[in-house]
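Scroll down for the structure; my scribbles are underneath it.
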There are 2 protein chains.
Amino acid sequence: MNQTQLIALDWGTSSLRAYRIGHQGVVLEQRALSTGIMHLPTVTTENQQALGDKAGFELAFRQACGDWLAAAPPTPIIACGMIGSMQGWCEAPYLPIPIAINQIGKTLKTVQTSDGLVVHIVPGLIQHSTLPNVMRGEETQVIGALAIAAEQRGKHQHSVDDVLIGLPGTHSKWVRVHQHSTEPTIQHFDTFMTGEVYAALCAHTILGRTMQMDAAFDFGADTEKNTANHLAFSRGLEVAQTVAGRAGVLSTIFSTRTLGLTDALDGSGQREYLSGLLIGHEIAVLRASLEELVHQPQQIILIGDATLCARYKTALDIYEIKGATVTAKATERGLWMLAKQAGLVSANAVPV
Amino acid sequence: MNQTQLIALDWGTSSLRAYRIGHQGVVLEQRALSTGIMHLPTVTTENQQALGDKAGFELAFRQACGDWLAAAPPTPIIACGMIGSMQGWCEAPYLPIPIAINQIGKTLKTVQTSDGLVVHIVPGLIQHSTLPNVMRGEETQVIGALAIAAEQRGKHQHSVDDVLIGLPGTHSKWVRVHQHSTEPTIQHFDTFMTGEVYAALCAHTILGRTMQMDAAFDFGADTEKNTANHLAFSRGLEVAQTVAGRAGVLSTIFSTRTLGLTDALDGSGQREYLSGLLIGHEIAVLRASLEELVHQPQQIILIGDATLCARYKTALDIYEIKGATVTAKATERGLWMLAKQAGLVSANAVPV
């Protein structure tokens with residue numbers, strides 16, 4: 001336990017992931033808890049008196065890493081995600097983009113626990129475009145993914161000016177980073193509520209009524225059922241690039257139901273088709289926005305759940321956006337990089 | 001009571017409207033019940049034994065118009081809407097379009113009650129396009145609206161070849177009718193799940209969390225609050241025709257939240273903005289599809305809830321689709337027209 005260098009928390013709306021990190025950013029231990037900021041532990045009157053208004057956060061914090069801290073004090077602590085939102089433990093206001101990523105770690109907010117520990121909180125980013133855009137947590141994943149990519153490039157000795165990073169999920173983000181002979185700078189990002197819209201449509205509209213919510217298809221398996229579901233997903237992916245797709249999401253989603261009514265899709269097929277259809281609409285917009293760029297990204301990185309990234313990879317292939325790779329463990333690496341920027345851990349303890 | 005000519009039912013998923021109709025299609029009495037096909041009355045074992053599998057439908061039917069029928073037998077009975085779906089009382093399969101509207105009344109299905117009454121059920125319509133499309137209930141409203149429009153034109157003595165009929169609602173439909181020196185023919189229709197998506201986004205996604213679900217704005221009132229809400233709605237309407245709008249619904253809806261985070265919209269403003277944004281995306285697609293037509297509609301008719309039609313009228317104005325008028329009482333008129341086509345009521349008892 002004595003080699004702990006950093007306690008890093010990825011603290012979102014519905015979950016909290018804790019990492020115990022050692023020299024050179026190596027993750028020694030990690031935990032996943034369900035105590036996201038909307039699901040904090042119950043606060044008793046006694047807790048409230050002892051810990052004050054923010055008792056729920058402190059209780060969750062102790063559950064997540066109290067033993068680690070007790071075994072190896074004093075250890076710096078860093079946290080990213082919705083914990084820094086207005087509804088979080090301590091608000092870390094959004095920083096405007098464009099922003100060089102090495103500036104983010106220099107603006108961490110701090111909150112002190114009742115026993116004097118200092119938690120450093122990563123700010124989110126805001127894009128003041130016509131329709132403003134925000135991220136919170138993804139900036140950390142972007143920083144981590146860029147560090148991992150730079151290391152891998154180091155081995156192959158080629159440079160990359162423009163990177164596109166996709167973070168599929170409840171709210172998908174697509175982030176453009178420019179790093180031509182400068183510190184990497186986040187230039188632009190877009191948000192698509194694809195995952196959350198999919199969940200709401202399945203659970204709370206007529207489209208879900210004829211769906212079967214059994215196991216999703218598996219890219220590997222080749223049973224008849226699996227193949228049919230995979231085909232339904234691919235069929236959905238294509239819609240946005242057909243003439244019929246011009247009618248837009250509000251219209252095309254209804255075909256989930258009508259393809260069921262006409263026996264073209266069964267219950268699980270409808271579910272996979274809708275998944276493909278929404279992702280396809282997202283990727284069609286992404287392609288159109290890339291076509292308008294002067295400088296195309298030389299590298300495309302996907303970050304997120306492996307199965308979901310595989311779905312997005314298929315979508316990118318169909319829309320002829322080539323060469324995306326999937327990066328894992330970007331959050332913990334990003335938190336480590338930010339802690340270095342902030343001087344919380346030794347700068348010469350570089351990741352290998 | 002002795003002048004009852006027709007009992008007409010508009011029997012949907014969540015509600016049942018019953019009309020007692022006299023000579024020349026005049027509505028003598030009407031009722032709204034909550035016994036849509038998904039909310040039928042509770043069936044006791046005794047009912048079940050007496051009335052069989054479909055007892056729920058028969059109980060709802062008796063509640064809706066049993067007294068009318070008892071007072072004036074024998075009266076023909078007609079019903080449209082989801083009552084004719086696979087989950088309804090008796091399936092009336094979809095008829096393919098294009099179809100002349102005078103053909104629809106000739107294909108009614110019938111179901112008999114336990115005491116020998118015959119209920120005539122209107123079929124829905126299907127469009128076998130790449131993404132199939134269906135309607136059930138709206139065909140009756142379209143027929144009614146065309147009859148009302150023809151009467152009104154009769155007074156002004158001009159003819160109209162192409163009509164576009166909009167039916168905003170849970171699932172908005174836009175129906176194109178061609179009637180150049182022929183019986184009016186339904187040529188094409190589109191569906192947008194705008195109303196249902198709006199409800200699901202407000203109730204079941206992060207967008208609803210910061211919304212205030214107080215009274216919707218009123219087109220007439222001029223309080224400060226009302227004006228702000230009306231402006232928020234208009235702001236939403238515009239989005240789809242801006243550069244930012246090209247990102248599509250999955251992306252633009254996120255601005256409902258970010259405009260709240262940046263204090264540009266309050267809780268009720270966010271709700272109105274999202275309503276405008278979704279309707280705007282629908283109307284932007286409609287405009288694009290109209291631009292591709294060789295023959296532009298010479299008449300645009302909106303059917304539906306008055307407040308919702310006013311919202312759509314505003315949207316059409318902003319998207320420069322001119323001259324839409326709103327028609328009321330289309331369903332009851334359509335049921336009367338269909339009963340005439342079917343020979344259930346005397347053809348010379350024409351509406352005036």
Ranked by Cβ crowding within 10 angstrom, fewest neighbours first, how are B:THR262, B:THR140 ordered? B:THR262, B:THR140
Helix-only mean residue ellipticity at 222 nm for the protein assembly as shown, each DSSP H run of n ≥ 4 adding -39500 (n - 2.57), per residue, nearest 500: -12000 deg cm²/dmol
Check: segment A:193-321 dipole with +1 on Lys, Arg Cβ and -1 on Asp, Glu Cβ, in debye: 300 debye
When the charge dipole of segment A:193-321 is computed with +1 at the Cβ of Lys and Arg and -1 at the Cβ of Asp and Glu, the Cα pointing farthest to the positive end, of A:LEU207, A:GLY236, A:TYR319, is that of A:LEU207
Using a Cα-Cα cut-off of under 18 Å, which lysines could be cross-linked to A:LYS54, ignoring same-chain neighbours fewer than 8 residues away? A:LYS109
Need one value for B:203-211: mean number of C-beta atoms belonging to other chains within 10 Å of its residues' C-beta atoms. 3
Enter the angle in degrees (range 0 to 90, nearest 10) between the Cα long axis of helix B:306-318 and the first principal axis of the Cα atoms of chain B, meaning the one along which they spread out most. 50 degrees
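In which sequence would A:MET193, B:MET211 go, from the one with the fewest C-beta neighbours within 10 Å to the one with the most?
Ranked by crowding around the Cβ, least crowded first: B:MET211, A:MET193.
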Those chymotrypsin sites (Phe, Trp or Tyr not before Pro) from segment A:1-90 that are DSSP loop and have at most 13 other Cβ neighbours within 10 Å turn out to be none
Where does each of A:LYS340, B:LYS106, A:LYS54 land when they are ranked from fewest to most other beta-carbon atoms within 10 angstrom? B:LYS106, A:LYS54, A:LYS340
How big is the antiparallel share of DSSP beta bridges in the protein assembly as shown, given as a percent to the nearest 5? 65 percent
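Using a ≥ b ≥ c from the Cα gyration tensor of segment B:1-134 (square roots of the eigenvalues), is it rounded, prolate or oblate, where a/c under 1.5 gives rounded and otherwise the larger of a/b and b/c decides, a/b for prolate?
Since a/c reaches 1.5 but b/c is at least a/b, the shape of segment B:1-134 is classed as oblate.
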One decimal, nm, nearest first: from B:LEU95 to the same residue in each other copy, label points 7 Å out along Cα→Cβ, the values are 6.6
Between B:GLY304 and residues 5 or more places away or on another chain, which pairs have amide H atoms under 5 Å apart, with H built 1.01 Å from N, and which residues are they? B:THR327
Inter-copy spacing of B:MET38 label points, which lie 7 Å from Cα along Cα→Cβ, given in nm from shortest upward: 2.3
Counting Lys and Arg as +1 and Asp and Glu as -1 over every other residue whose Cβ sits under 14 Å from the Cβ of A:SER114, the net charge comes to -2
Measure nothing but the geometry: give the 0 to 90° angle between the long axis through the Cα atoms of A:330-341 and the longest principal axis through the Cα atoms of chain A, rounded to 10°. 40 degrees
Taking θ as phi - 60°, what are the ³J(HN,Hα) couplings along segment B:278-292 by the Karplus curve (6.51, -1.76, 1.60), each to the nearest whole Hz, with x for Gly and Pro? 5, 4, x, 4, 4, 6, 4, 5, 4, 4, 4, 6, 5, 4, 8
Highest GNM mean-square fluctuation, chain A, Cα pairs closer than 10 Å: which of A:GLU224, A:GLU138, A:GLU183? A:GLU224
Among the aspartates and glutamates, which fall within straight-line cross-link reach of A:LYS106, defined as a Cα-Cα distance under 20 Å, with same-chain neighbours fewer than 8 residues apart omitted? A:ASP10, A:GLU91, A:GLU138, A:GLU139, A:GLU183, A:GLU332
Helix A:194-204 against the longest principal axis of chain A: what's the angle in degrees, Cα atoms only, rounded to the nearest 10? 70 degrees
Have a look at the DSSP beta bridges in chain A and tell me what percent are antiparallel, nearest 5. 65 percent
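Every read-out reported here was derived from the displayed coordinates using simple, explicitly stated rules and does not represent laboratory data. No experiment lies behind these values; they were computed from the predicted model shown. We place every Cβ from the backbone using ideal geometry, glycine too, and count neighbours over all the protein chains shown.
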